[in-house]
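The values are calculated or read from the model by the stated rules, or taken from the named source; none is laboratory data. It should be emphasised that the depicted structure is a prediction, and the values quoted were computed from it without experimental measurement. Heads up, the Cβs are rebuilt from the backbone with ideal geometry, glycines too, and the neighbour counts pull from every protein chain shown. Accessible surface areas use protein heavy atoms only, side chains included; no ligands, DNA or RNA. Shrake-Rupley method; radii C 1.70, N 1.55, O 1.52, S 1.80 Å.
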Amino acid sequence: RLHTDTDSLSRASADYGNLIRETPSAVLRPSSLDDILTLLEFSNNCSAPFHVSPRGRGHSVRGQAAAGGGAVVVDMASLGSPISVDASGGYVDVGGDRTWDEVLRAAVREGVAPGSWTDYLHLSVGGTLSNGGISGQSFRYGPQISNVLEMDVITGNGELVTCSPERNSDLFYAVLGGLGQFGIITRARIPVQPAPTRAKWVRLIYNDFRNFTKDQEHLISTTTNVPNYVEGSIITSHSPANNWRSSYYSPTQLSKIASLLRETPTGLLYSIEIVMYDGGDRDLESLLRNLDFVPGMAFVKDVGFVDFLSRVGNGAAEEEDVSHPWMNLFVPKSGLMEFYDGVFVDVIAAHRHATTTPFGPILFYPLRRNKWDDRMSAVTPPEEIFYALGLLHSSRGQREAAIFDRVNAKIMEFCNKRGIETKQYLPYYKSPANWAAHYGQKWEDFQRRKKTFDPNRILSPGHFIFNPRDEQEEGDVW
């Protein structure tokens, strides 16, 4: 099952980001878990163990799922693991190689669905659970890593282990948000609840940042008429309101938004998306009465539940010559206004004067820390409310990618200089010192878990946490 042909190696050497290429020595397309266990046993028994990198759908953006040199990439999609829905038991068992879109469709057929999702569903279950898995539902249901009952994991030692909060708990919490450093998720048991059928989907437009953030925080903190989904975004003249994430607005609505955008001194508008599932019309009306959006700028749709969750189609996997120099940050609420002045105004809004290169979607929405379990490997800012920033750039050619990397670098430089304690989501760093700073108080435990579950440092080398690059340099990834 090892493939060394040019096409297999080429496909495994790049990812969605299309910025970094690492060519492995071979690609394993397993037909069973025994194939993976055999590969890891062989590596561990070598005098110089080789790296093994599990690859779900290759949606990393900085080569995290890749591996060069003598490494082997494991194409997890070839497993074709089963999806088993137990509606009466309140869970679905799913292979780590399957996508959330597949989970959704299998669960809904049985009248149930998970509560926590990502915006883009064509990602592997193992991939998102190795990172976090966030979206507009996370304030209410927690990230996807907070919605796991049990897992089967192949550790770097080459052992297949079932783990849960009660059984092999150290491995369970290590793997959740563990960036693939401790084990390969081969099965996850995800809790489900009765599936809605409809979604009342609203977008509100703001021209004042304080009102935008105040209303988002009100929406995620209210104890009555609680929305099922809240997500904010930034609209600039370089990031059209309609994009590949979802073509929501009609031409007339787009014209109104464009007119308002021209009137704003900063060239920035702000949008809040709110979704109420079945029968939420009256609750939604009550919510909207207390929000400070621009009068007349509330746009409402009624769509199917599955249609809403599937709004970002598989077309998000674009042409091969498109790269994605994305940046994702968690920003503490305490630094919010300083971040607004230094990043949204001085960097992002100023971008429109410096270049015609268009921004992709810019997401900015609040999360609650009490929905994250601190025993997990994932890290967040040490405040109850923090914001997820997603700069989802797309570029053609090295010149455009370099422009966005400079934007990313300016943002990180500003935060570091002002002492705003951000944390990267989907992190990637160049130096061990920055990884240590990223994990903070968890770094010692992170290292201990690596020694326990992957002592030969075989798994997931693409993050360069325990096998730093030769051209090591201080500073951030950018």
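In the range 198-310, the portion of solvent-accessible area held by carbon and sulfur atoms comes to 48 percent [1.4 Å probe, whole percent, DNA, RNA and ligands not counted]. When DSSP beta bridges are restricted to pairs lying wholly in the chain, around 90% turn out antiparallel. Mean projected area of the Cα convex hull of the range 198-310, taken over all directions, amounts to 6.9 nm².
If the segment from Asp307 to Glu41 were pulled out straight at 0.36 nm per residue, it would be longer than the present Cα-Cα gap by 91.4 nm.
Based on every Cα atom in the range 12-60, Rg and the maximum pairwise Cα distance Dmax equal 12.5, 34 Å. Amide H to amide H distances under 5 Å link Tyr365 with Gly232, Ala388, where only residues 5 or more positions off or on other chains count and H is placed in the peptide plane. What Kirkwood radius, in Å to one decimal, follows from the Cα pairs of the chain? Kirkwood radius, the chain: 23.0 Å. The HN-Hα couplings worked out from phi for the range 395-403 by the Karplus form 6.51 cos²θ - 1.76 cosθ + 1.60 (θ = phi - 60°) are 9, 10, x, 5, 5, 5, 4, 5, 4 Hz, whole numbers, x standing for Gly and Pro. Just the protein heavy atoms count here, and of the accessible area of the range 322-427 at 1.4 Å, carbon and sulfur take up 48 percent. In this rough spin-label picture, where each label sits 7 Å from Cα along the Cβ direction, the Ala433-Arg418 distance is 2.4 nm.
In this simple spin-label model, placing a label point 7 Å from the Cα along the Cα-to-Cβ direction at both Leu149 and Ser169 gives a separation of 1.9 nm. Taking θ as phi - 60° and the Karplus parameters 6.51, -1.76 and 1.60, the scalar couplings of the range 138-147 work out to 5, 5, 9, 9, x, x, 4, 5, 8, 10 Hz in sequence order, x denoting glycine and proline.
Under Stokes-Einstein, with the Kirkwood radius over Cα pairs as Rh, the value for the range 235-377 at 20 °C and 1.002 mPa s is 118 µm²/s. One Cα centroid belongs to the range 54-70, the other to the range 368-388; the line between them spans 26 Å.
Ignoring ligands, DNA and RNA, please state the percent of accessible area on the range 134-179 from carbon and sulfur, probe 1.4 Å. Here carbon and sulfur together make up 38 percent of the probe-accessible area. Once the 1.4 Å probe is applied to the protein heavy atoms, the chain comes out at 40 Å² accessible per residue. Taking square-rooted eigenvalues a ≥ b ≥ c of the alpha carbon gyration tensor, is the range 322-427 rounded, prolate or oblate, where a/c under 1.5 means rounded and, failing that, a/b exceeding b/c means prolate? In terms of gyration-tensor shape, prolate. Using the alpha-carbon centroid of each, what span in Å lies between the range 395-468 and the range 1-35? Each part reduced to its Cα centre gives a spacing of 23 Å. Residue-wise HN-Hα couplings along the range 37-48, as the Karplus relation 6.51 cos²θ - 1.76 cosθ + 1.60 with θ = phi - 60° gives them from phi, are 4, 5, 4, 5, 4, 5, 4, 4, 8, 6, 5, 10 Hz; Gly and Pro carry x. Taking 23 Å as the limit for the C-alpha separation, the pairs Lys333/Lys430; Lys214/Lys333; Lys256/Lys410; Lys214/Lys371; Lys333/Lys371; Lys214/Lys410 exceed it in the case of Lys333/Lys430; Lys256/Lys410; Lys214/Lys410. For the range 83-194, the orientation-averaged shadow of the C-alpha convex hull comes to 6.3 nm² (one quarter of the hull surface).
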